[in-house]
Structures are given as C-alpha cells and as structure tokens.
Amino acid sequence: MWIILAIASSLCLGIYDIFKKLSLNGNNVLTVLFLNTLFGTLLMSPVWASAIADGSFGFGGNLAGHAFIAVKSLIVLSSWVMGYYAVKHLPLTITGPVNATRPILVLVGALFIFGERLNLLQWLGIILGFCSLFFVSRLGKKEGFSIRHSLWLWLIMGATVMGAVSGLYDKYLLRIYDPLQVQAWYSLYQCIIMGAAILIIKRTSADTTPFVWRWTIPCIAVFLTVADIAYFYSLSLPGSMISVVSMIRRGSVLVSFAYGVIALHEKNVKLKLIDLSVLLVGLICLVLGSR
C-alpha cells in the first residue's frame, strides 16, 4: 500500500512541477510562493482549525511538537525559495533531473542517520546518480548555464540538498506524530513565516518584477497538498522505507520532462534523454537494492 501511495504522490508532483513552471514564467517569485503557502494552509485548515477549536492545539498541546514542525517549515521554505527561482530561469528538462537525484542524497543520509546499509546495487545507483548530475552540468553549459557561473544551477542544487534534509527529517517526525497533523501545522507555519519574510523583503528589496495572477497558481497548492498527503501516509505505514519512497516520488521527473519536451520545445532533447536514462537506471538500481 505504501508503494501505491508513493506512486500517486509522484504523479501529483509531476503535475505540480508543470503548474509551478507556468505560474513562475515572467512572474514575481516571492508572491507566487507566498500564495502557494497560503492556499496550502487553507486546504489543510480543517485540521489545524479543529485542533484550535477543541483546545488541544495539536500534538496534545505539546510545545516541543510545534517546535519540531516549525523547523520542518524552515527547511522546506529554504528549499522552495531556491527551487522557485531556479525553476523560473532554468528549463524543466534541467531542473527535473537535478531534483530527481534527491533520493541519492536521502540514501546517503539514511545510511548515517537511520543505519541503513548499502549493497552493491545501491552503490551503483549512487554512482549513476552523480554521473547524471555531472552530465546535467555539461548540458547546462551548452544552454548558457555554466556550473561555475550560473546562480540558478547552484540554487536548484541547494534546493535539492535541502529537500533531501526535509525527507530525512520527515521519517523522524512521522515516527512520533500523525501525518495529517504534521502536514496541517507545517503548512500553517510556512504561511506565517513566508508572510513575515515577504513583508520584510518587499520593503528592503529592489525587486520590481510585477505579479500577474494566473489560475495555475492555486493548482500548485492543490497538487502539492495531495502529493504530500500521499507521501506522509506512505512513510507512516509499517515497513515503509524513506529511501524507496523518495526514489519513487522522484519519478515525477518523467511527467515534467515530457511536458518540457512536448509543450515547451526545450533544446538538446536527445542528450537530456541520455542523461535521464542514466538517472532512471540509477533509481531502478536503488529500488532493487532496497527491496
């Protein structure tokens, strides 16, 4: 069951990436990000609102639980801020494969934090994943995004690292707390933190990029919320493995990659398909090695 939930999360994430690209194109990144957190909070409002109404305030009124969730919110927001700017300026056929290497980092983290041991297939998957990253950096140079000089490539890599940190932290949180509570409260804290941050940034920043409303913006929150619900419940089920769930989830790259090629007509498709194939073989090795 947890594998089916992970696949559902993957499909929703792929659609989420497409709506994110459409919403950010030529738009104000911080405003789009704030609206995403706002809509996500509203979608989860029945959970946290009922906890406030009955006086339990979630997690049995345990302040430590709220502190853990606030940390989760900061980790995710740092990943999102970097990722949103990168997605705005980079092709989907570059950001997708880079994001899809997140399970490699999660697996390495699981090795040290949760004591998961790596076998030959898993090591092969890790090597292929890093080969894919190197290939992406070479492809980026062909399209004017040199790893040495492109802020956007560094940002998508930073977003990927912080996303891996978030995945490892989720496994710890979901051993203690209900997944729906985790998602509801972290959405609320994200919205509060992002709201405060955007007020400060807007007053001190020279960013004059105008904001344009698009109906794709609320779709970001809808598909991300559904993807996260499936993801959290997958991790909460007995026998689930963070390394496998994270790998399946990154299969979302197939959806966004296909859209980038078919609808956006992005360049160097053949070379990117080779890179994607290397990455997918690496992910398959990780899944087979984790069974």
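The values are calculated or read from the model by the stated rules, or taken from the named source; none is laboratory data. Quick caveat, the model's predicted, so the values are computed rather than measured. Note that we place each Cβ from the backbone using ideal geometry, even for glycine, and neighbour counts take in every protein chain shown. Areas reflect the complete protein model, heavy atoms only, side chains present, ligands, DNA and RNA absent. Shrake-Rupley method; radii C 1.70, N 1.55, O 1.52, S 1.80 Å.
Restricting attention to segment 50-84, which residues are over 26 Å from Arg102 (Cα atoms) and either of a type in the set (D, E, K, R) or not in a helix (DSSP H, G or I) (or both)?
Result: Asp54, Gly55, Ser56, Phe57, Gly58, Asn62.
Going by the structure shown, is Tyr169 open to solvent by 30 Å² or more (accessible area, probe 1.4 Å), in contact with a Lys or Arg (Cβ under 8 Å, 6 or more places away or on another chain) and within 19 Å of Ala64 (Cβ to Cβ)?
yes
So which residues in segment 142-166 are at pLDDT below 80 and surrounded by 15 or more Cβ atoms within 10 Å (Cβ to Cβ)?
Passing the criteria: Glu143, Phe145, Ile147, Ser150.
Looking only at segment 23-49, filter to residues that are open to solvent by 60 Å² or more (accessible area, probe 1.4 Å) and not in a loop (DSSP other than H, G, I, E, B); which one of those is farthest from Leu90 (Cα to Cα)?
For segment 23-49, the residue satisfying everything is Pro46.
Just to verify a result, which residue in segment 207-232, among those that are of a type in the set (S, T, N, Q) and more than 15 Å from Ile15 (Cα to Cα), is farthest from the chain's Cα centre (by Cα)?
Restricting to residues being of a type in the set (S, T, N, Q) and more than 15 Å from Ile15 (Cα to Cα), the top hit is Thr208.
Six or more apart or on different chains, Cβ atoms under 6 Å: show the pairs whose first residue is in segment 76-96 and open to solvent by 10 Å² or more (accessible area, probe 1.4 Å) and whose second is outside any helix (DSSP H, G or I).
That search, which allows pairs on different chains as well, returns Pro91/Glu266.
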